[in-house]
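**Q** This is the structure I have questions about; it appears just below.
The values are calculated or read from the model by the stated rules, or taken from the named source; none is laboratory data. None of the values given here were measured: they were computed from a predicted structure. Heads up, the Cβs are rebuilt from the backbone with ideal geometry, glycines too, and the neighbour counts pull from every protein chain shown.
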């Protein structure tokens with residue numbers, strides 16, 4: 001069960017990660033449709049490996065990782081995905097946005113809502129100057145998410161990843177604090 005609500009959004013809560021969330025997190029990162037486009041999830045994560053490699057990132061002091069928990073629908077009260085600013089470089093005012101959602105929650109706008117509010121937290125509360133994101137070119141949903149959030153396409157890293165037996169490009173995005181108009185602008189609230 002996720003921890004206390006850290007950020008309240010319109011339809012979802014962004015909650016802290018607790019020890020009891022480990023089974024959901026492992027299930028998510030091991031799901032074939034999730035790990036397809038995320039390099040760090042490419043190989044299976046046993047509980048031991050997850051605790052060793054990913055748990056310190058998700059619970060450490062150099063980032064913010066939150067679970068997305070819908071308040072209304074068949075998933076109410078249960079986590080459906082994770083959003084993260086990691087690593088956070090406070091000296092340079094920079095962080096990277098990471099996001100994954102269980103396929104059962106795809107197509108509901110949860111990623112857009114969660115990311116919009118996490119970006120707002122990053123810019124307004126953490127006083128970050130820049131947040132970056134990247135997506136493998138064939139991952140059309142992630143590319144569209146970056147664009148809807150207002151990220152600027154900063155370049156293509158050609159044939160940087162390997163998906164489904166072929167090399168694919170990585171798309172790099174950036175968003176600066178003075179370009180951020182808030183979650184209301186992104187979500188049309």
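**Q** Answer yes or no as to whether residue 62 is at negative phi, touching a residue at least 12 places away in the same chain (Cβ under 8 Å) and either assigned to a strand (DSSP E or B) or under 17 Å from the mean Cα position of the chain (by Cα) (or both).
**A** Numbers: at negative phi: yes; touching a residue at least 12 places away in the same chain (Cβ under 8 Å): yes; either assigned to a strand (DSSP E or B) or under 17 Å from the mean Cα position of the chain (by Cα) (or both): yes.
Against the criterion (at negative phi, touching a residue at least 12 places away in the same chain (Cβ under 8 Å) and either assigned to a strand (DSSP E or B) or under 17 Å from the mean Cα position of the chain (by Cα) (or both)), residue 62 qualifies.
**Q** Answer yes or no as to whether residue 155 is closer than 19 Å to residue 7 by Cβ and surrounded by fewer than 17 Cβ atoms within 10 Å (Cβ to Cβ).
**A** no
Each row is one residue, and each column tells you yes or no for (1) in contact with a strand residue (DSSP E or B) (Cβ under 6 Å, 6 or more places away or on another chain); (2) free of Cβ contacts under 8 Å to residues at least 60 places away in the same chain; (3) surrounded by 16 or more Cβ atoms within 10 Å (Cβ to Cβ); (4) over 24 Å from residue 4 (Cα atoms).
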site	(1), (2), (3), (4)
81	yes, yes, yes, no
85	yes, yes, yes, no
89	no, yes, no, yes
124	no, yes, no, no
142	yes, no, yes, yes
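**Q** Anything in segment 42-60 that is surrounded by fewer than 16 Cβ atoms within 10 Å (Cβ to Cβ) and out of contact with any strand residue (DSSP E or B) (no Cβ under 9 Å at 6 or more places or on another chain)? List them, or say none.
**A** Those that are surrounded by fewer than 16 Cβ atoms within 10 Å (Cβ to Cβ) and out of contact with any strand residue (DSSP E or B) (no Cβ under 9 Å at 6 or more places or on another chain): 43, 44, 46, 47, 48, 49, 51, 52, 53, 56.
**Q** Would you mind stating whether residue 44 is within 16 Å of residue 15 (Cβ to Cβ) and outside any helix (DSSP H, G or I)?
**A** For residue 44, the condition - within 16 Å of residue 15 (Cβ to Cβ) and outside any helix (DSSP H, G or I) - is not met.
**Q** All but one of (1) modelled with pLDDT of 95 or more; (2) not in a strand (DSSP E or B) hold for residue 56; state the number of the condition that does not hold.
**A** So residue 56 meets the others, but not (1).
**Q** For segment 28-41, which residues satisfy the criterion of being surrounded by fewer than 17 Cβ atoms within 10 Å (Cβ to Cβ), at pLDDT 90 or above and part of a helix (DSSP H, G or I)?
**A** Within segment 28-41, 32, 33 meet the criteria.
**Q** Restricting to segment 170-183, name every residue that is free of Cβ contacts under 8 Å to residues at least 40 places away in the same chain and either surrounded by 15 or more Cβ atoms within 10 Å (Cβ to Cβ) or under 18 Å from the mean Cα position of the chain (by Cα) (or both). Walk me through how you get there before you give the answer.
**A** Let us first name the residues in segment 170-183 that are free of Cβ contacts under 8 Å to residues at least 40 places away in the same chain, namely 170-171, 178-179, 181.
Scanning segment 170-183 gives 170, 171.
**Q** If you don't mind, another one. For segment 99-122, which positions are free of Cβ contacts under 8 Å to residues at least 24 places away in the same chain and in contact with a strand residue (DSSP E or B) (Cβ under 8 Å, 6 or more places away or on another chain)?
**A** Hits for segment 99-122: nothing passes.
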